[in-house]
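Working notes for the structure below.
What follows is calculated from the coordinates using simple rules that are stated; it is not laboratory data. Since this is a predicted model, take the numbers as computed values, not measurements. Cβ atoms come from the backbone with ideal geometry, glycine included; neighbour counts cover every protein chain shown.
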C-alpha cells in the first residue's frame, strides 16, 4: 500500500469514528432531554387513578355519567361579556370598584367579575379545558366529585339532581391542546392560570322597568368552574368541573368557536373581537366605539378605525370567515361596523 493510499484509509477511518461519536452524542443529548425515568409516566398514572375513582363513584350510585362529543363551542353569553380582558393584567387595576370587582355593562343590565385579573391568555386555558371535556355527570349536589352549594337549586331536575360537565386531563395535554411547546415556562403558566380561573365568579343583574315601581334590578352570582389539581415537579393532573349553569349554557346556549383561527391571530384585541363577533350570529351592526367598550379594547382609541379594520381584513382575507363594511366619518356620524359571516 502506498503512502497516499494509507493516508486516505486513515482519513476515512477518522471520519467514520467522528461520525459515530456525533451519533452517540446526539443519543445522549436526546436521552438527557427526557424527564427523569421515575416521573416519566406519573401524569398518566394520575389520570388513570382519577378515572378509576370516577368509575367507583358511579358504581356506588353517587352519580351517573355519559359521554359527550368533544366540545367546539363556548357559552354565547360568556363570549359577549368582558370577562377576559385584552392586554396585560395590570391595566385592570383602574377598572375595579371598592369590592375589588371589575365592573361592566351588558345589553340587558350590568355585571361584575370577582377574583384575580384574568386576560385573553387565561381565556385560552379555559377554551382548552372546554375542548378536552368529554363527559357529563348527573347526581345530587353533595355527591358530585366537587360537592356544590344549595345556590344551584333552581337548576335541579325532576329527580333533584344537578348536571355538571367535567374535564380530566394532564397539564401536558392542556399545553398541547393550546398548541404550545412542553416546557417549564408553559407548565407554570398553565397551572397559574388554572388557579386564577378557579377563583372567578360573575355577578349579573337584569334591568326591569315596572309601570308602578319604576326601575328595578334582579340578579345572581355564579362560578364558571371548580378545579382541583395535583402537581409534582413538571407532572400534573387537573380535574375540572364546570358548574351546572355552565353545563346548561354549553348544552342549550353555545356558539361554535374556531380555535384554528384564534391561535393564528396575533393580538389580544384581535382575539377578543373574533370571540365577540363569533357570538353575534350571521350578521351584526354597531358603532366601533360600542364594540371597543364591550370587549375592553386595549390601546389608543384614536386609531380605533384603522386597527379594527386591519383585524377584520385579516379575518376576511386570510380565513374567509366574514365580510364587512365600515360607514360614517367619525364626526357627525360615528364609525359603524356592518358585519356578516360568509
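For segment 39-257, what relative contact order do you get, as a whole percent, if you take Cα pairs closer than 8 Å and at least 6 residues apart?
Across segment 39-257, relative contact order equals 26 percent.
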### Query
Which of the peptides 328-341, 160-173 is most tightly packed, and how do the rest follow, judged by the mean count of other Cβ atoms within 10 Å per residue?
160-173, 328-341
## Note on the structure
Row for segment 39-257, column shape: gyration tensor on C-alpha, a ≥ b ≥ c, rounded if a/c < 1.5 i.e. under 1.5, prolate if a/b over b/c, else oblate; value oblate
### Task
Using label points projected 7 Å from each Cα along Cα→Cβ, tell me how many nm separate residue 191 and residue 153, to one decimal.
4.0 nm
### Summary
Rounded to whole angstrom, the alpha-carbon centroid of segment 116-174 lies from that of segment 266-342 at a distance of 32 Å
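Rounded to the nearest 0.05, what FRET efficiency do residue 176 and residue 336 have when you use their Cβ-Cβ distance and R0 = 30 Å? List each step's numbers first, then the result.
Details: r = 41 Å, r/R0 = 1.37.
Efficiency, from the Cβ-Cβ distance: 0.15.
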### Additional length obtainable on full extension of the chain from residue 266 to residue 62, 0.36 nm per residue less Cα span
68.9 nm
### Summary
Here FRET efficiency (C-beta to C-beta, residue 329 to residue 228, R₀ 56 Å, nearest 0.05) is 0.55
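Starting from the Kirkwood Rh over alpha-carbon pairs, what translational D in µm² s⁻¹ does segment 117-223 have by Stokes-Einstein at 25 °C and 0.890 mPa s?
Here the translational diffusion coefficient equals 147 µm²/s.
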### Query
Once a ≥ b ≥ c are taken as the square roots of the eigenvalues of the Cα gyration tensor of segment 161-202, is the result rounded (a/c under 1.5), prolate (a/b larger than b/c) or oblate (a/b not larger than b/c)?
oblate
### Task
Neighbouring Cβ atoms within 10 Å as the yardstick, rank 120, 240, 322 fewest first.
322, 120, 240
### Summary
Note: probe point = Cα of residue 253 + 7 Å toward Cβ; backbone nitrogen < 12 Å; residues of segment 72-106 passing the test are 75-81
### Summary
A convex hull over the alpha carbons of segment 260-342 yields, per residue, a volume in Å³ of 85 Å³
